[in-house]
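Written below as structure tokens is the structure these notes are about.
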Amino acid sequence: ALAARERLSKKPIQAQPLVVGDTVRDALVADLPGVTRDRHYGVCRTGARPFVVVDTGGLSGVDEGLDGLTAQQVRLAIEEAQALVFVVDARDGLLPQDRNILDELRRSGKPLLLAVNKTDGLDLHDALAEFARFGIAAMLPLSAAHNRGTEELIAALLPVLPEDAHEELAGGADDSIRVAIVGRPNAGKSTLVNRLLGEERLIVSDVAGTTRDPIRVPLERDGRKYTLIDTAGVRRKARVEEAVEKFSVIKTLQSIAAAQVALVLVDARENLADQDLTLIGHAVDEGRALVIAVNKWDGLDAYQREQCQRALERRLQFVDWAKTVFISALHGSGLRELMRAVVRAHAAATKELGSSDLTRTLEQAYQSYQPPLVRGHAPKLRFAHPGGNNPPTIVIHGSRTKHIAPAYQRYLENFFRKRYRLEGTPVRIVFREGE
Ligand code: GDP
């Protein structure tokens, strides 16, 4: 329900995760279909300020359940969150275990909202009355499946989320290229950052798991300035081996949101894990320029390298515009090529496009392949103009544009990408009716 236009919002997301239930999360967050596989995190952009939404597996409220893996994940999310939404089912009414859950949530000391879901078709007053016993002041009726009450929920949330706490993270003031170094635990993020910084510079800033926010590290290399946004935390070299990282999707999302280029590090020895694809999907969702670094290339023999390359080719088709660089963070090989790819992706993502030229290109694209007819009429595409960059956004005016199929949209994206050499960055096409 939260349409694609919201994705154009260029506001940086802030560090304001909250915990919600399935349908509620879906109502708040619209993921691009087919790209994001992991549906547990998303960015809500419908309100005045964007924030990260975390959907947990849920607390059962039963003791043994609380010790389970899900409960651990929930606790991690509660720890990282800045506000909590306790979602209850109006049709179930109060459940005995709700008390335990409530105690757990209250212990965190974080702002707490109660969302009473599935209220459609119920008497609101009655539905809420029962839950009033919880004593939570902020109580909101919701029908997530019907997308009712979500606006009110967002409106109630925004004031309790710290304002501008992470504005600095969004950056943008200096002329450096902001690069988020993301990847699964052990992919080699710390090794890469330390290697890029040079062995002699030992930076201690993160005891594993204690720092909430990603860390920014300035880097100058071959005459260019970068700001590395590091999720692993730059550790003392000696500590790299022993540091046990608590993998934080929230941190990863924040870094991607704060960056211009997402550098996704994958472990060559593991081919591509689903989590890698999820990360890449998030970066694309956020409109970030993307470079994929396949690390630990040094440890593979010729056969393994071939297998790995095949897997990459197959599974990375949806981002075939992104450059893949094979590196060894440990030995420092491939790093020059890697940073060159970062610079190129950044340049493509921030390229200025002119209206008349875009319109000419649109005409060419339209001439060589027209969108399929809708009830005997072809959608008309009249002219185009730039709608911003990072990612490059092209606004196309025409008629019957809502009938344009995703396949045709992709055709246009690729056409513009080729024409303007927009390699390494997603390209957004936005249609406008008339004028
Ligand atoms: P992080 O969790 O992503 O920060 O990963 P680390 O940088 O801590 O690396 C995890 C492990 O992989 C460490 O034992 C590193 O020494 C090792 N490692 C990192 N990069 C490479 C590489 O290019 N080649 C090999 N063989 N090992 C690497």
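The values are calculated or read from the model by the stated rules, or taken from the named source; none is laboratory data. Bear in mind the structure is a predicted one, so any value in this text is a computation, not a measurement. Please note: Cβ atoms are built from the backbone with ideal geometry, for glycine as well, and neighbour counts cover all protein chains shown.
Quick check on the stretch 130-140. Is at least one of its residues modelled with pLDDT under 85 and closer than 30 Å to residue 224 by Cα?
Taking every residue of the stretch 130-140 in turn, none turns out to be modelled with pLDDT under 85 and closer than 30 Å to residue 224 by Cα.
Just checking, does the stretch 300-320 include any residue being within 16 Å of the ligand (Cβ to nearest atom), surrounded by fewer than 16 Cβ atoms within 10 Å (Cβ to Cβ), within 22 Å of residue 192 (Cβ to Cβ) and acidic (Asp, Glu)?
No, the stretch 300-320 contains no residue that is within 16 Å of the ligand (Cβ to nearest atom), surrounded by fewer than 16 Cβ atoms within 10 Å (Cβ to Cβ), within 22 Å of residue 192 (Cβ to Cβ) and acidic (Asp, Glu).
Quick check on this structure: which one of 400, 336, 315 is closer than 15 Å to residue 292 by Cβ and of a type in the set (Lys, Arg)?
On the way: 400 fails: closer than 15 Å to residue 292 by Cβ; 336 fails: closer than 15 Å to residue 292 by Cβ.
When all the criteria are applied, what remains is 315.
If you take the residues in the stretch 393-417 that are charged (D, E, K, R) and modelled with pLDDT of 90 or more, which one is farthest from residue 348 (Cα to Cα)?
In this case the residue turns out to be 410.
Looking only at residues in the stretch 292-331 that are among the polar types (S, T, N, Q) and touching a helix residue (DSSP H, G or I) at 6+ places or on another chain (Cβ under 9 Å), which one is nearest to residue 275 (Cα to Cα)?
295
For residue 401, indicate whether it is hydroxyl-bearing (Ser, Thr, Tyr), under 20 Å from residue 262 (Cα atoms) and either under 24 Å from the mean Cα position of the chain (by Cα) or surrounded by 13 or more Cβ atoms within 10 Å (Cβ to Cβ) (or both).
no
State all residues of the stretch 334-361 that are free of Cβ contacts under 8 Å to residues at least 40 places away in the same chain and in a helix (DSSP H, G or I); if no residue qualifies, say none.
337, 340, 347, 355, 356, 357, 359, 360
Any idea which residue in the stretch 283-299 is farthest from residue 262 (Cα to Cα), counting only those that are part of a loop (DSSP other than H, G, I, E, B) and either charged (D, E, K, R) or within 16 Å of the ligand (Cβ to nearest atom) (or both)?
The extreme case among them is 296.
Go through 210, 191 for me and flag whichever is buried (at least 16 other Cβ atoms within 10 Å of the Cβ) and either at pLDDT 85 or above or not small (Gly, Ala, Ser) (or both).
Testing whether each residue is buried (at least 16 other Cβ atoms within 10 Å of the Cβ) and either at pLDDT 85 or above or not small (Gly, Ala, Ser) (or both) leaves just 191.
Which pairs have Cβ atoms under 7 Å, sit 6 or more apart or on different chains, and link a residue in the stretch 81-95 that is more than 20 Å from residue 111 (Cα to Cα) to one that is outside any strand (DSSP E or B) and of a type in the set (A, V, I, L, M)?
From residues that are more than 20 Å from residue 111 (Cα to Cα), the pairs are 90/122; 90/127.
Looking only at the stretch 109-135, filter to residues that are of a type in the set (Gly, Ala, Ser) and surrounded by 15 or more Cβ atoms within 10 Å (Cβ to Cβ); which one of those is nearest to residue 77 (Cα to Cα)?
Restricting to residues being of a type in the set (Gly, Ala, Ser) and surrounded by 15 or more Cβ atoms within 10 Å (Cβ to Cβ), the top hit is 115.
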